[in-house]
Amino acid sequence: MLELSNTRFAFLDIETTGLSPWFGDRICQIAVIVTEGKRIKRTLDLLLDPGRELSPSALRVNGLDDSALAGKPSFADIADQLDEVLKDAVVVCHNAKFDIQFLDNEYRKLGRAIEFPNLIDTLLLARDYYELPSYSLSHLSQDFQITANIQGSRALADAITMKNLFFAMTDSLKSINKSLDDFIGIYNSPAWPQEGIYLPTELSEAIHSGKKLFIQYMDKDGETSERWITPKEVIGLSDYLYLQAFCHSREADRTFRLDRIVKVEVEVEK
């Protein structure tokens, strides 16, 4: 049985050029915090040249731009370094299916497969044991009163927040006598078939909230518009992922390319 105090953890977070590796999106930043129990042993924070442009949504979310990534190492250049960091660790992600579909895609391009015999998803952990209005990393950090003055990239900040959240949750769950082994799953490529479309937590929660959404949308010419929509479903077309929704501005059904939605807010109930 694993003991939290001496287990090697690797808290992993990535930033990507868009929302779907199946349509060519790549990893552009990766951060890993390695701990022994709660003690930080190593930090990895890397910018990567993805070989393609960032989408409008990615530009807004991760604060990067194409010029910041030009000339940086490729994923192939750092794959062995990443392997060494993750080796023999319990890998911890938030919304693991989203992150690992990108890692799986990168390794497949190298003719390799990834295997995580010990994996914890803090998103699933939160959903299994807590009833909260949102399970996004930012909302969970507020609920668990996690604050940190973090200098560095968004990926590094999220990895540190995830680390603090994980230990806060495991501390709070001691009273129900759950062991670390109870939280662990296994990932063997490709153990997760494409049973659905994996999206970032906040975007997924907004789309599936059943409420109206206020969005800012950038069209193919770079023009931005604002509108209220009621989501219907997310679909994959020939070129990318799209959100089918009723547009209240046009009073008609419309289809929005997901990586061009640069801002989304859920209607506040009065």
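Summary of values
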item: Estimated FRET transfer efficiency when R0 is 51 angstrom, pair D221-D45 (beta carbons, to 0.05); result: 0.90
item: Point-to-point label distance, D171-K97, nm (Cα→Cβ direction, 7 Å offset); result: 3.1
item: Exceeding the 21 Å Cα-Cα cut-off - candidates K163/K263; K97/K178; K212/K263; K87/K163; result: K163/K263; K97/K178
item: Euclidean distance between Cα centres, the stretch 217-242 to the stretch 1-62, Å; result: 26
item: D239/E265 FRET efficiency (R0 41 Å; Cβ-Cβ; nearest 0.05); result: 0.95
item: Angle in degrees between helix 154-172 and the longest Cα principal axis of the chain, rounded to the nearest 10; result: 60
item: Helix-only [θ]222 nm of the chain, DSSP H runs n ≥ 4, -39500 (n - 2.57) each, per residue, nearest 500; result: -8500 deg cm²/dmol
item: Extent along principal axes [Cα atoms of the chain; Å; largest to smallest]; result: 58, 47, 37
item: Difference of contour (0.36 nm per residue) and Cα-Cα distance, Q81 to E205; result: 41.3 nm
item: The chain: angle of helix 75-86 to the longest principal axis, Cα-based, in degrees nearest 10; result: 40
item: Chymotrypsin sites (Phe, Trp or Tyr not before Pro) lying in DSSP loop within the stretch 108-179, provided at most 10 other Cβ fall within 10 Å; result: none
item: On Cα atoms only, tilt of 96-109 relative to the major axis of the chain in degrees; result: 90
item: Net charge over other residues, Cβ less than 10 angstrom from the Cβ of T17 (K, R count +1; D, E count -1); result: -3
item: Selection of trypsin sites (Lys or Arg not before Pro), the stretch 210-265, meeting DSSP coil and at most 11 other Cβ within 10 Å; result: K220, R250
item: Neighbour-count order for L2, L173, fewest beta carbons within 10 angstrom listed first; result: L2, L173
item: Likely footprinting exposure, C28, C247, fewest C-beta neighbours within 10 Å first; result: C247, C28
item: DSSP beta bridges in the stretch 4-194 [antiparallel fraction, %, rounded to 5]; result: 75
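Here, each number is a calculation from the coordinates, and none is a lab measurement. This is a predicted model, so every value here is computed, not measured. Note that we place each Cβ from the backbone using ideal geometry, even for glycine, and neighbour counts take in every protein chain shown.
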